[in-house]
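The values are calculated or read from the model by the stated rules, or taken from the named source; none is laboratory data. Since this is a predicted model, take the numbers as computed values, not measurements. Cβ sites come from the backbone with ideal geometry, for glycine too, and all protein chains shown count toward neighbours. What goes into the accessible areas is simple: the full protein's heavy atoms, side chains included, and nothing from ligands, DNA or RNA. Shrake-Rupley method; radii C 1.70, N 1.55, O 1.52, S 1.80 Å.
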Amino acid sequence: MDHISLLFQIIVSVSVYYVWIFRYHNVVAEFKQFGYSDVFRNFVGAAKMSISALLIMGLCYNDITLYAALGMAFFMLGAQITHLRVKNPFKQRLPSLVFLLMSLFVAAFDCGLI
């Protein structure tokens, strides 16, 4: 289970970086569809990239893993709520749902619940 948790930390972190760096044009289009401001989009991006960095740091410094995983889960839950609010199809909600579940797994494992 330890290896799965570590793998999930890496997958979530790298995926967030990939989306916010290499697929930023999709992020811009989605936030416009959602009706959110550019300032809010930039805040979310900075926060998610910072939390991703903390998840990576959590590989070496376990004390921050729980907070980083819960922070990322919070943002992924927000993404789920937003996708539901604008009635996006399940296919568009799936990535944030998977990352939400992975983040919750990491948090649960770090707390000793799994």
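Observations, loosely collected:
- Cross-chain or 6+ apart pairs with Cβ under 8 Å, the stretch 85-102 first and under 26 Å from Leu55 (Cα atoms) and in a helix (DSSP H, G or I), then open to solvent by 70 Å² or more (accessible area, probe 1.4 Å) and of a type in the set (A, V, I, L, M): Arg93/Leu84; Leu100/Leu77
- Selection within the stretch 55-78 - open to solvent by less than 30 Å² (accessible area, probe 1.4 Å) and touching an Asp or Glu at 6+ places or on another chain (Cβ under 9 Å): Gly58, Thr65, Ala69
- Boolean, Val19 is within 16 Å of the chain's Cα centre (by Cα) and within 15 Å of Met102 (Cβ to Cβ): yes
- Scan of the stretch 80-114 for residues that are of a type in the set (Gly, Ala, Ser) and over 23 Å from Asp63 (Cβ atoms), ordered by number: Ser96
- Index of the failed condition, Ala108 passing every other in (1) free of Cβ contacts under 8 Å to residues at least 60 places away in the same chain; (2) buried (at least 19 other Cβ atoms within 10 Å of the Cβ): (2)
- Some residue of the stretch 52-64 being at pLDDT 95 or above and within 21 Å of Leu94 (Cβ to Cβ): yes
- Among the candidates Gln33, Gln9, residue that is touching a helix residue (DSSP H, G or I) at 6+ places or on another chain (Cβ under 7 Å) and assigned to a helix (DSSP H, G or I): Gln9
For (1) aliphatic (A, V, I, L, M); (2) outside any loop (DSSP other than H, G, I, E, B), each residue gets a yes or a no:
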{"residue": "Val39", "(1), (2)": "yes, yes"}
{"residue": "Cys60", "(1), (2)": "no, no"}
{"residue": "Gly71", "(1), (2)": "no, yes"}
{"residue": "Gln80", "(1), (2)": "no, yes"}
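- Here Ser52 clears all of (1) surrounded by 12 or more Cβ atoms within 10 Å (Cβ to Cβ); (2) without any contact (Cβ under 8 Å) to a residue 40 or more places away in the chain except the condition numbered (2).
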